[in-house]
Every structure is written in C-alpha cells, then in structure tokens.
Amino acid sequence: MNKPRHFISLLDLSSVEIRALIQRAISLKNARNPDFQPLKGQVLGMIFEKSSTRTRISFETGMTNFGGSAIFLSPRDTQLGRGEPIKDSARVISSMVDAIMLRTNDHATVTEFAEHSSVPVINGLTDLLHPCQLLADMQTYFEHRGDIQGKTVTWIGDGNNMCHSYINAAIQLDFNLRIACPDGYSPNADMLKSAGDRVQMFASANEAANGSDLIVTDVWASMGQEEEQKLRERAFEDYQVTQTVMNHAHADALFMHCLPAHRGEEVAAEVIDGQHSVIYAEAENRLHAQKALLELLMCA
Ligand code: CP
Ligand code: NVA
C-alpha cells in the first residue's frame, strides 16, 4: 500500500509548509476563481462522530468549489457505529474515495484509521487536537496583522483540543503563548513540555493577557463533556474573557473563538461582539484554509 500524506496534527507539516498554506488560502480567498477545479471528480469521505456546522460545510463547499464532491458519513447510519473494526473501515472506505476527514471522540481512532488508509486522512477534531481550526485562525491573524512570529498569544479557559493545537502552532510559527486555566484543567503536560519556553502558564486571566496580540478562548465544556457543564461553570467562573481582560492586552489585540460560543460564559458579549473580535472572518477562513489543505494533500 502506498503511504499517503495525512494531516492529523499541525506537526505533520513543516513551518515553511504552514506559512505557504496560509498564503495560498489568502490567494484562493481573494481570487475566487470558479474555473479552478483541481479536484474534479475526486471524492472526500467525511466521518462525523460528533456534531458540526463549520467543519462539515467548509469541507463540503471546498470540495464542490474544486470540482469534486464530499460524502457525509455518520456512525448512526453506517456500520462504523455497529462495531466494524477501524482497520476494515479504513481499508474499505479509502479504496473508494480520494481523501477522508474524520471528527472523532478518541484521537486514537483517527491515528488508527490513518495507519490503514490508502488515501490522506484529515483530522476534523478529536478530543486531543483541532488542527484545521488553527489553519483558519492563523490565516485570520496573518490577514489582519501580518506574520505571527515573535508575537504573543493568550489562551484563556480549558486546556482542551484547541489549546493543544495552539501549543503546536506556537512551536511551528514561533510565537509566545501565555495560558491561563483553572486548577485541574491544564493542557497535556507532555505537549506543554514539548513547546519549551515559548509556552508559559499563568494563574489569572488578566496576568496571562498582559502584552498580548491575540486573546483566544473556547467553550468550558467541549462536546462529550455536557454532563460536566455545571461543575465547569463553577471551576471556570474567573476565566471569562471580559473587557477588563482585553484591556490587559495590546490596544490592537484581536479576539478569536473557534465557535460555537456561549456569551456570558467563556466570553462576555461586549468582547465577542466588539471591535477586536474577528470571529466571523475566522469561521469563513475554515473554507479557504481547508481548500489550501485539500490541494496540498490531494494534488501532490
Ligand atoms: N469550530 C468548529 O469546528 O465548528 P463546528 O463544530 O461547527 O464544525
Ligand atoms: N473544544 C470544542 C471545540 C468545538 C469546535 C469541542 O471539542 O467541543
């Protein structure tokens, strides 16, 4: 079996490739050329174990824009949900489509699937990582402020899949990352260690926001943690991104959130709907960044 190129983590691309991909995403966005159809006749399989608005629409639209198509597969109505081994599913599905995107609960499902897939596998979110979102976030930063190298980014809230992908982005694009999480909700210790001095932990949101160029947060309870919502609301009450927190950052700091958001929980409405927020550009850039990714993985 040939060894395809996968995108499971930002660490699967080099820093040079990530920067090139961001520039390519910006060009695709600006050109909007309907005659450019590099994936004509190609098919993306999309497996969703969890809900999605942005990821599903952006991949499906991206494939259609490029002259291809996408198939939505849910474990609820395929054999995936009835215990068919991941290896068999990967061998069979990859024999019929040209690339596969997965959104799964366990990160290991994506890595095992990729091991047995004969076509590129893309991580559309797991409990550990959300690398596609980071491509869009970084594109958004580059568009608004230029290269992020040497800048300071602040993550406030849960040390979750998004936080982990920010740690990887800090490594790959060489920025400083200041993280504030409540006790017991810190990011994966090995990942933190792998980033060295670039990533620092702070006890308070205000302290972490000092001198920042970009403030980012995410929901307090991710998909699959719904039953912890009440517990988490108490644990995270001092970790809302408020205007006071934003005032600790640079005057031109941006605010990002991968969405969906809960106004009044992880972020105050005046911040997410305020002048520093770039959430809608960030969401739209999922389409453009992933088109650049599909081109990189499928047209090689
Ligand atoms: N940000 C993001 O991945 O959104 P969806 O869950 O709607 O795909
Ligand atoms: N951390 C969130 C991100 C949603 C896009 C989750 O995993 O539910």
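Okay, here's what the table says:
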quantity	calculated
Of the criteria (1) at pLDDT 95 or above; (2) of a type outside the set (Val, Ile, Thr); (3) away from ligand 1 (no atom under 15 Å from the Cβ), which one Asp77 fails	(1)
Test: Glu207 is buried (at least 17 other Cβ atoms within 10 Å of the Cβ) and either more than 15 Å from ligand 2 (Cβ to nearest atom) or modelled with pLDDT of 95 or more (or both)	no
Helices (runs of 4 or more DSSP H) fully within the stretch 215-300 counting 2 or more residues that are touching a helix residue (DSSP H, G or I) at 6+ places or on another chain (Cβ under 8 Å) and surrounded by 16 or more Cβ atoms within 10 Å (Cβ to Cβ)	243-248, 269-272, 279-298
Yes/no for Gly157 being on the phi > 0 side of the Ramachandran plot, within 16 Å of ligand 1 (Cβ to nearest atom) and not aromatic (Phe, Trp, Tyr)	yes
One residue from Thr53, Thr111, Thr61, Thr78 being away from ligand 2 (no atom under 16 Å from the Cβ), open to solvent by 10 Å² or more (accessible area, probe 1.4 Å) and under 22 Å from Pro260 (Cβ atoms)	Thr61
Breaking point among (1) assigned to a helix (DSSP H, G or I); (2) open to solvent by less than 50 Å² (accessible area, probe 1.4 Å), for Arg24	(2)
Number of the condition not met by Gln149 [criteria: (1) open to solvent by 10 Å² or more (accessible area, probe 1.4 Å); (2) more than 15 Å from ligand 2 (Cβ to nearest atom); (3) touching a residue at least 60 places away in the same chain (Cβ under 8 Å)]	(3)
Among (1) closer than 30 Å to His144 by Cα; (2) hydrophobic (A, V, I, L, M, F, W, C); (3) outside any loop (DSSP other than H, G, I, E, B), the one test that Leu39 misses	(3)
Some residue of the stretch 11-32 being farther than 18 Å from Gln139 by Cα and touching a helix residue (DSSP H, G or I) at 6+ places or on another chain (Cβ under 9 Å)	no
Strands (runs of 3 or more DSSP E) contained entirely in the stretch 68-176, each with at least 2 residues that are among the β-branched types (Val, Ile, Thr)	121-123, 152-156
Residues of the stretch 1-21 satisfying the condition of being basic (Lys, Arg) and either touching a Ser or Thr at 6+ places or on another chain (Cβ under 6 Å) or in a loop (DSSP other than H, G, I, E, B) (or both)	Lys3, Arg5
Among the residues listed as Ser194, Ser212, Ser186, the single one being open to solvent by 70 Å² or more (accessible area, probe 1.4 Å) and either in contact (Cβ under 8 Å) with a residue 24 or more places away in the chain or within 16 Å of ligand 1 (Cβ to nearest atom) (or both)	Ser194
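The values are calculated or read from the model by the stated rules, or taken from the named source; none is laboratory data. Quantities reported herein were computed from a predicted structural model and do not represent experimental measurements. Please note: Cβ atoms are built from the backbone with ideal geometry, for glycine as well, and neighbour counts cover all protein chains shown. Ligands, DNA and RNA are excluded from the accessible area calculation, which covers all protein heavy atoms including side chains. Shrake-Rupley method; radii C 1.70, N 1.55, O 1.52, S 1.80 Å.
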